[in-house]
Amino acid sequence: MKVGVVGCGGMGHVHAQSYAKMRDAELVGVCDLDAELAGELAKKAGTRAFTSFEEMLEAVDPEVISIALPSYLHKEAVLKAAAAGRHVICEKPVSLTLEDTDEIIAACELNGVRLFIGHVLRFFPEYEQLKRQVDSGVIGEPGVAHAKRVGGHPGEAKQWFKDETKSGGVIVDMMIHDIDFMRWAFGEVKSVFAMNKVDNEMDYALVTLQFQNGAAANLEAFWGYPGSFSYSAELAGSKGLIRLDSSTSASLHTRAKVRTREERQFAEIPQSPGTRSPFELELSHFLTCIREGEEPRVTVQDAREALRISLAALESIRTGKVIYL
């Protein structure tokens with residue numbers, strides 16, 4: 001299946017290099033307005049570089065467009081790909097508003113193309129295991145969950161992350177992963193309450209979700225943390241608890257702000273100890289869904305609901321009130 005990648009930043013590198021490894025995919029081009037960036041990625045992934053979306057479509061005719069642009073550019077790119085009759089794989093969040101999301105979904109349906117949103121946490125093996133444990137009843141009736149996701153501020157690499165109108169801030173851009181996972185594990189969310197501390201150096205959020213089944217989850221996300229990206233989760237119920245912590249896979253821990261030039265160029269990408277990249281597993285799954293006509297592990301409606309909950313958290317921060325969904 002012929003794939004073209006739009007956006008050659010950090011996630012664009014992940015997408016392109018993942019497709020380049022796949023036997024059932026042919027990476028036919030990468031596209032970015034920055035010709036140097038596109039050229040560098042094309043060289044690494046063994047494909048052609050383009051600075052125009054239309055030129056890439058005409059020259060290499062991809063069947064699938066993989067969008068790895070900044071969040072505020074998702075809508076325009078998806079609508080353009082859908083109008084051209086190409087299937088779309090887009091990074092999360094699907095967009096920054098529910099109105100734009102609904103327009104995106106409608107455009108893909110109108111043009112008869114598939115749309116997939118990259119909520120990759122569902123493809124991390126350790127989170128898959130957590131979900132299986134919950135479903136098997138090991139912890140009994142779900143009671144309370146905690147999740148934490150911290151890392152350096154991506155705004156140090158790309159300034160648009162510090163503009164909430166372009167990134168959505170730490171909740172819409174990063175915590176949305178844990179919001180989607182907790183909904184996957186515990187079901188529909190009933191209410192949201194959130195707090196936030198933001199300045200030029202940090203963006204910290206604490207969000208409490210109450211689920212319709214009575215369970216609750218406390219989620220933390222922190223941009224500006226000194227040290228490497230890390231994540232943890234703990235799910236407790238009437239029979240016990242299960243937990244994961246990415247930092248326990250290392251025997252030595254160093255917290256420092258020093259980063260190499262290449263690391264400063266892009267925002268940090270979360271990694272998993274698995275033998276295959278979760279991003280590669282996710283993208284391969286989406287291609288299989290197109291080829292076989294199957295439903296994906298994470299649907300467009302799942303992505304919309306994760307955004308709806310994230311936006312409710314922002315509303316809670318603005319009003320100081322609990323937001324009922």
What is the order of ILE179, ILE317, ILE290, fewest Cβ neighbours within 10 Å to most?
ILE290, ILE317, ILE179
Please return the longest stretch of the chain lacking exposed loop sites, where GluC sites (Glu not before Pro) count only if DSSP places them in a loop and at most 12 other Cβ atoms lie within 10 Å.
1-187
Can you give the convex hull volume per residue for the Cα atoms of the stretch 108-171, as a whole number of Å³?
189 Å³
Go through ALA38, MET1, HIS285 and say which Cα lies farthest out towards the positive end of the charge dipole of the chain; charges sit on Cβ, +1 for Lys and Arg, -1 for Asp and Glu.
HIS285
Compute the acute angle (0 to 90°) between the alpha-carbon long axis of helix 278-292 and the principal axis of greatest extent of the alpha-carbon atoms of the chain; round to the nearest 10°.
60 degrees
Angle, helix 10-21 long axis vs. longest principal axis of the chain, Cα atoms, 0 to 90°, nearest 10?
70 degrees
Kindly express, to the nearest 10 degrees and within the range 0 to 90, the angle between helix 176-186's C-alpha long axis and the longest C-alpha principal axis of the chain.
60 degrees
log10 I(q)/I(0) for the chain, Debye formula on C-alpha points only (no solvent), q = 0.10, 0.11 Å⁻¹, two decimals, reads -0.57, -0.69
Using the basic label-point model (7 angstrom from Cα toward the beta carbon), what is the SER238 to SER191 distance in nanometres?
2.3 nm
With only alpha-carbon atoms in the gyration tensor, what are the semi-axes of the equivalent ellipsoid for the stretch 2-118, in Å, largest first?
22, 14, 13
Rounded D (µm²/s) - the stretch 147-250, Kirkwood Rh over Cα pairs, Stokes-Einstein at 25 °C, 0.890 mPa s:
169 µm²/s
Dividing the helical contributions, -39500 (n - 2.57) per DSSP H run of n ≥ 4, by the residues of the chain yields a 222 nm value, nearest 500 deg cm²/dmol, of -11500 deg cm²/dmol
If you take the alpha carbon radius of gyration of the stretch 1-41 and divide it by 2.2 N^0.38 Å, what ratio comes out, to two decimals?
1.07
Over its alpha-carbon atoms, the stretch 146-185 yields an Rg and a Dmax in Å of 11.3, 34
What is the sum of charges around ILE65, taking Lys and Arg as +1, Asp and Glu as -1, for the other residues whose C-beta is under 15 Å from the C-beta of ILE65?
-3
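All of the numbers you see were taken from the coordinates with simple rules; none came from a lab. Quantities reported herein were computed from a predicted structural model and do not represent experimental measurements. Using ideal geometry, Cβ is built from the backbone for each residue, glycine included, and neighbour counts are taken over all protein chains shown.
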